[in-house]
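First up is the structure itself, then whatever we jot down about it.
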């Protein structure tokens with residue numbers, strides 16, 4: 001059994017070697033990190049065995065990612081983006097949920113399994129979507145705002161679903177839980193804005209000469225709002241996002257963003273490693289066909305659906321295809337839904353492996369599609385690489 005230092009040594013040393021080979025062969029780094037996890041995790045060679053610890057550490061990377069995303073989103077722009085995105089997300093979610101459930105039913109999964117598999121198909125990856133979105137090129141343009149809005153609405157739906165799976169035992173309780181979550185979101189957002197205006201901004205103005213203080217205050221603010229959000233029944237990820245949004249109007253927001261990017265990338269490497277390490281090859285024989293069909297269906301239907309819905313909203317054909325391809329995968333939130341459903345005794349192991357297999361396949365293929373065809377920070381092609 002490895003300790004935390006040995007785990008980090010194995011993860012980052014092996015990732016560095018494989019990343020070098022990947023760049024040499026003009027392959028995407030995300031794929032390299034996932035494959036390293038598969039090889040060295042408990043179902044591969046077993047060099048890193050404590051997956052639960054890795055998942056907790058890698059979750060910090062997602063929190064910082066959403067915090068930095070919020071720093072690029074002005075509150076007024078966020079409200080406008082959510083209005084444009086909600087209809088697209090609701091209609092597309094019905095299509096994707098129906099697709100996954102029908103496919104699961106056709107392979108004789110139980111009703112509960114099929115419904116949860118369908119629900120897992122509704123969400124696109126925040127990690128893939130945002131990690132492969134050029135910061136300087138797109139975050140302040142319409143396409144970046146629309147992508148963020150779609151992912152945010154999907155994340156809210158995922159949070160509601162996870163909350164319902166965790167603790168409701170009747171329809172009335174489920175409805176009450178959903179209403180509670182919807183009521184808490186504006187409370188967190190409004191409370192964050194008030195705290196920033198009357199506490200953080202005066203502190204930043206008084207001590208802006210001390211870079212270490214700005215770094216510590218921004219991390220404390222991000223993690224503090226994330227933890228409060230978790231305590232009141234939302235998620236740390238949503239709290240971190242609103243912590244960033246509340247600071248976006250500050251003139252020092254871009255300095256904070258630049259300071260935290262290396263810290264975010266450190267934790268995100270462990271996220272992709274943990275994703276690959278959690279894959280159980282022994283069960284693949286049972287579900288390889290349904291997993292492959294589910295992944296192929298998602299990779300084809302999601303871009304087409306988003307393209308159609310965005311065109312209906314008068315978006316350009318180029319933008320609609322670009323967003324459709326960037327959103328054409330299963331989400332890391334889907335894996336969290338699977339984890340919660342298994343703990344609640346609602347999902348079979350075969351259904352769990354089906355979703356995990358399809359998720360990893362869509363992560364890999366979608367990464368290739370974006371990296372070799374669209375503007376992104378990780379492309380081996382100079383013509384497509386945008387920071």
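The values are calculated or read from the model by the stated rules, or taken from the named source; none is laboratory data. Just so you know, these numbers come straight off a predicted model, no measurement behind them. Positions of Cβ are backbone-derived with ideal geometry, glycine not excepted, and every protein chain shown enters the neighbour counts.
Odds and ends about this structure:
- Taking the listed residues 357, 383, the one that is assigned to a loop (DSSP other than H, G, I, E, B) and more than 30 Å from residue 84 (Cα to Cα) is 383, with no other qualifying.
- Residues being more than 19 Å from residue 158 (Cα to Cα) and at pLDDT 85 or above - total across region 355-365: 3
- Matching residues in region 340-354 - criterion: being in a helix (DSSP H, G or I) and under 23 Å from residue 105 (Cβ atoms): 340, 341, 342, 349, 350, 351, 352, 353, 354
- Scope region 317-345; condition at pLDDT 85 or above and over 23 Å from the mean Cα position of the chain (by Cα); matching residues: 317, 318
- All conditions in (1) over 22 Å from residue 321 (Cβ atoms); (2) outside any loop (DSSP other than H, G, I, E, B); (3) at pLDDT below 85 hold for residue 208, with the sole exception of (2).
- In the set (1) out of contact with any strand residue (DSSP E or B) (no Cβ under 9 Å at 6 or more places or on another chain); (2) surrounded by fewer than 16 Cβ atoms within 10 Å (Cβ to Cβ), the condition left unmet by residue 385 is number (1).
- Any hit, region 296-318, residues being closer than 13 Å to residue 125 by Cβ, part of a helix (DSSP H, G or I), in contact with a helix residue (DSSP H, G or I) (Cβ under 6 Å, 6 or more places away or on another chain) and in contact (Cβ under 8 Å) with a residue 24 or more places away in the chain: yes
- Hits in region 144-174 (condition: in a helix (DSSP H, G or I), within 15 Å of residue 233 (Cβ to Cβ) and at pLDDT below 70): 163, 166, 167, 173, 174
- Residue match in region 64-81 (condition: touching a helix residue (DSSP H, G or I) at 6+ places or on another chain (Cβ under 9 Å), closer than 21 Å to residue 303 by Cα and crowded, with 16+ Cβ neighbours inside 10 Å): yes
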